[in-house]
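To keep things clear, I will list the structure first and then write my remarks on it.
The values are calculated or read from the model by the stated rules, or taken from the named source; none is laboratory data. Note that this is a predicted model, so its numbers are computed, not measured. Heads up, the Cβs are rebuilt from the backbone with ideal geometry, glycines too, and the neighbour counts pull from every protein chain shown. Remember, those area values only see protein heavy atoms, side chains included, never the ligands or the DNA or RNA. Shrake-Rupley method; radii C 1.70, N 1.55, O 1.52, S 1.80 Å.
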Amino acid sequence: MSAFAHRELSERTARDLPRAEELDRALRDASPAEVIAAALQTVGREHLAVVSSFGTESAALLKVMADVDPAIPVVFLDTGWLFEETLAYRDTLIATLSLRDVRSIKPLEETLSRQDPDRELWFSDPDACCRIRKVEPLARALAPFSAWINGRKRFQGGLRAEIPVVEQDGARLKFNPFANVSREAIEAIYALAKLPPHPLAALGFLSVGCMPCTGRTSPDEDARAGRWRGRAKTECGIHTVEAS
């Protein structure tokens, strides 16, 4: 199917979907599993994607999703700057949770050659680096879908402190099933399911993104304090730019 046909289908499907506000009111006190099941029922598997970084808390979302339906497509952004440990963790979780449809999406080589030939854009303009390595690839990956699921939590603070359970993201519904879940509840999911931790978590990396922009975090800091340390930047852009 062409990109135009994907867009036309997505826009037509969006017109038939319930309003995000209505879904948010209905699901604001629902469990993560109930939110994912509602997303699946609302749009159907072929129109729903989970976006996962396979980071330090990702296994909780993926475990709950797999219990609902392990064949829901999972989009993974392979930026070209990820830790080898993250790539290995992706493969571990795919096997552990029997995930059936994980799609690793990469930035376009021609874009990298044109805009970041020396691989130094992360230093001079991190927003531009995130745009070509995350935001634009995700927009391509979400083209066939009319709704997506992510793992943001309110306790992460910053722009995430007041996220709803369901919101409108451009032409798509965006489900945040862990919005009102506590850190302790996530730890309980790991313990109960005996989920393997991210290999870097034990080394003080409480939130893991791309190598140049990820650092260790001390116990008295926010979990995401190690991301873009020393800069005003706190988000890569995939949650602050509406999906088209």
task = At 20 °C and 1.002 mPa s, grab the translational diffusion coefficient of region 20-138 from Stokes-Einstein with a Kirkwood Rh over Cα pairs, rounded to a whole number in µm² per second.
result = 134
note = Among beta bridges assigned by DSSP with both residues in the chain, the antiparallel ones amount in percent, to the nearest 5, to 35
task = Hey, could you get me the Stokes-Einstein D for region 98-138, Kirkwood radius over alpha-carbon pairs, 37 °C and 0.692 mPa s, rounded to whole µm² s⁻¹?
result = 295
query = Mind checking the alpha-carbon convex hull of region 31-99 and giving the volume per residue in Å³?
reply = 78
inquiry  = With a cap of 14 neighbouring Cβ atoms within 10 Å, and only residues DSSP puts in a loop, list the chymotrypsin sites (Phe, Trp or Tyr not before Pro) found in region 74-120.
reply    = none
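DSSP loop GluC sites (Glu not before Pro) in region 120-196 with at most 16 other Cβ atoms within 10 Å of their Cβ, which ones?
Values: sites: Glu120, Glu162, Glu167, Glu184, Glu187; in loops: Glu120, Glu162.
Counting only loop positions with at most 16 other Cβ atoms within 10 Å, the GluC sites (Glu not before Pro) in region 120-196 are Glu120, Glu162.
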inquiry  = Just to compare against my own numbers: the Cα pair-distance distribution for the chain, 10 Å bins, whole % per bin, please.
reply    = 7, 32, 39, 20, 3
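Among the trypsin sites (Lys or Arg not before Pro) within region 76-129, which fall in a DSSP loop and have no more than 16 other Cβ atoms within 10 Å of their own Cβ?
Details: sites: Arg90, Arg100, Arg103, Arg114, Arg119; in loops: Arg100, Arg119.
Qualifying residues, ordered by number: Arg100, Arg119.
Determine the per residue accessible area of the chain with all protein chains present and a 1.4 angstrom probe, expressed in square angstrom. Don't jump to the answer; show the numbers that get you there.
Working: 11770 Å² over 244 residues.
Accessible area per residue, the chain: 48 Å².
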query = Carbon and sulfur atoms: what percent of the 1.4 Å accessible area of region 69-192 do they account for?
reply = 53
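Using the C-alpha gyration tensor of region 130-201, what are the square roots of 5 times its eigenvalues, in whole angstrom, with the largest one first? Before the final figure, lay out the partial values.
Details: eigenvalues 127, 54, 33 Å².
Calculated on Cα positions only, the semi-axes equal 25, 16, 13 Å.
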task = Using amide H atoms built 1.01 Å from N in the peptide plane, name the residues 5+ places from Val74, or on other chains, whose amide H lies under 5 Å from its own.
result = Val50, Asp101, Val102, Arg103
